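The values are calculated or read from the model by the stated rules, or taken from the named source; none is laboratory data. The structure presented is a predicted model; accordingly, all values stated were derived computationally and were not measured. Ideal geometry is used to build each Cβ from the backbone, glycine not excepted, and the neighbour counts take in all protein chains shown.
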Amino acid sequence: MALPSTTLAGLGAALARGALSSVELTREVLARAGAAQPALNAFVTLDADGALAAARAADESRAAGRAGPLTGVPIAHKDVLMTAGLRTTCSSRMLANFTAPYDAHVVDALKRAGTVLVGKTNMDEFAMGSSNETSYFGPVRNPWNPAYVPGGSSGGSAAAVAARIVPAATGTDTGGSIRQPASLSGICGLKPTYGLCSRYGLIAFASSLDTPGMFAQTAEDCALMLNAMAGHDPRDATSLPRPREDYTRELGQPLAGLRIGLPREYFGDGTDLDVAAAVDAAIAEYRKLGATTVDIALPAVKLSVPVYYVIAPAEASSNLSRFDGVRYGHRAAGYADLLDMYKKSRAEGFGAEVKRRILVGTYVLSHGYYDAYYLKAQKVRRLIADDFQRAFAQCDVIAGPTAPSAAFEFGAKSDDPVQMYLNDIFTIAGNLTGVPGISIPCGFTRGGLPIGLQLQANYFREAQLLGVAHGLQQATDWHARVPAAYGVQR
Amino acid sequence: MALTLDDVRRIAHLARIDIDADEAAAVHAKLGTIFAMIDELNAVDTEGVAPMSHAQDMAMPLRDDAVTESDHHALYQAQAPAVEDGLYLVPRVIE
């Protein structure tokens, strides 16, 4: 069935004026999700019964005069977020049969906002990967070209939004896992300031970096999602008590006088020529809209990949020690004793990339190496954060490519972990520092693959960031381009 | 600090991950390239730099010392690999 819109705001408005019901919309979304599943593999679990029950409840709320902007709109959650009563796997054999006993904070917040959960999206195992190739349930394919990766780790959420299955989906970003797949899949992806959205119920990978966020087609839709997701939660000790904000408030603000910082390190030899050209064109568009540009330097950012590959595995090795085959998750069928049970359960339950990172983390935290690796990385992390604060004294937002290249083919980087890790070179610093960042579509390669522009702002400046992103989307239509296979009957 | 094959076996034991000889050799090669990248950090001067453990320099919040959790053990244990009488079962560790 043709829909009156595919955006969150558009569908919310259509529901509000009675153009269709949430049940009708949800049936269509489930049909699209099912039809695209063989080609994309974007979902690990679809919950038709739960979705239709939630849709009926949303329609009843609306009939009773209790409806917000998201009431009755179907969305999807990344399968790293706990969903009460629904399978939550982290795309790992370890949790292949795990049913979450409670909702993550952001899942609960979006439920209370009236959204309808249609399913859980595929991802790199335990969110460790940049291509979605490490999923136990098989890779997600890029809706623009199925021979290419969608990015990762939140690849299923990115593909589901890019293919116009759902108008929005949650993701989590530990080193770029929202922004990079948003870039490679041609949609918007926002990683908020660390601490703005609670991590409660987000199955932990690297706790000082893990950040819940979202995918949508437009900056406006990201703002609507963030309005529902942000807020203090005492169940997460790092959730920040902050006054409530309306993140849509700077949409449509004039961009005259905006100072855009251009880090020379983001425009060097490592960046693909098509990517650089598209990003340059977006910046030229911002100049036309009245923004000025200033050259800035982020010299320590080049160290962000090695810093990340100490800190993230260290935290992961600790967090993933909970998977021991005792309380939940996979337990090996045969074992000699307790130690053997731990070892076999973990060897069978985890995939190669997850094991590799646990081993790196175990090593850097082990006796005699802590100062040389972990403490050293924490010090360089400070240098990177200091670079950003110096930059934000000169500019309002930092602009550059989200990733050094567009999507790559399956297998292109899977044998060389360091090459894979370097795809996150422009996004990792945002996690190490905790500043918010968004990737928005800004063009295509000659091969027809989408390119993302990353905008980063200082802590808690999401409203400004979304306003700046919205400005480009008012002047260009890159965000409205739809992959050919998913563009009919929209 | 080159990582040896013995180091790989030792950390796999510490991490409680079973690893056979072929796997250890393959992992050893991959970890070698990862640590070659990580070792770039050695060249950075961090004299006098305070380590940054967290994105926000904030004190850990304190809450009242009150019971806030209710009893969920039946729900949680419903999907444990093995339970009996409200207890998780593991192989015998004390003879």
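Quick notes
- Candidate set from the range A:60-81 (those that are without any contact (Cβ under 8 Å) to a residue 24 or more places away in the chain and part of a loop (DSSP other than H, G, I, E, B)); member that is farthest from the other protein chains (Cβ to nearest Cβ): A:GLY65
- Those residues of the range A:377-407 which are part of a helix (DSSP H, G or I), crowded, with 24+ Cβ neighbours inside 10 Å and more than 8 Å from chain B (Cβ to nearest Cβ), in sequence order: A:PHE388
- Selection of the range A:82-126 for residues being assigned to a strand (DSSP E or B), in contact with a Ser or Thr (Cβ under 6 Å, 6 or more places away or on another chain) and touching a residue at least 60 places away in the same chain (Cβ under 8 Å) yields A:VAL116, A:GLY119, A:LYS120, A:THR121.
- Residue in the range A:312-339 that is surrounded by the most Cβ atoms within 10 Å (Cβ to Cβ), counting only those that are more than 8 Å from chain B (Cβ to nearest Cβ) and among the polar types (S, T, N, Q): A:ASN319
- Number of residues in the range A:391-432 that are of a type in the set (D, E, K, R) and touching a residue at least 40 places away in the same chain (Cβ under 8 Å): the value is 4.
- Filter pass, A:ALA485 being over 28 Å from A:GLU353 (Cβ atoms) and either hydroxyl-bearing (Ser, Thr, Tyr) or modelled with pLDDT under 95 (or both): yes
- The range A:214-265, residues that are hydroxyl-bearing (Ser, Thr, Tyr) and crowded, with 23+ Cβ neighbours inside 10 Å: A:THR218, A:TYR247
- When the test is whether a residue is of a type in the set (Val, Ile, Thr), in a strand (DSSP E or B) and more than 26 Å from A:LEU15 (Cα to Cα), A:VAL44 passes it.
- A:GLY270 passes every criterion in (1) under 27 Å from the mean Cα position of the chain (by Cα); (2) part of a loop (DSSP other than H, G, I, E, B); (3) crowded, with 21+ Cβ neighbours inside 10 Å apart from (3).
- Pick from the range A:444-490, criterion polar (S, T, N, Q) and in a strand (DSSP E or B), ranking: surrounded by the fewest Cβ atoms within 10 Å (Cβ to Cβ): A:GLN456
- Filtering A:TYR342, A:TYR374, A:TYR309, A:TYR363 for residues that are among the hydroxyl-bearing types (Ser, Thr, Tyr), in contact (Cβ under 8 Å) with a residue 24 or more places away in the chain and buried (at least 22 other Cβ atoms within 10 Å of the Cβ) leaves a single hit, A:TYR309.
- Any chance A:GLY156 is out of contact with any helix residue (DSSP H, G or I) (no Cβ under 9 Å at 6 or more places or on another chain) and not aliphatic (A, V, I, L, M): no
- Restricted to the range B:1-93, the set of helices (runs of 4 or more DSSP H) holding at least 1 residues that are of a type in the set (Asp, Glu), more than 9 Å from chain A (Cβ to nearest Cβ) and within 24 Å of the chain's Cα centre (by Cα) comprises B:5-14, B:21-38.
- Any chance A:ASP272 is away from chain B (no Cβ under 14 Å), at pLDDT below 95, under 24 Å from A:GLY171 (Cβ atoms) and in contact with a strand residue (DSSP E or B) (Cβ under 9 Å, 6 or more places away or on another chain): yes
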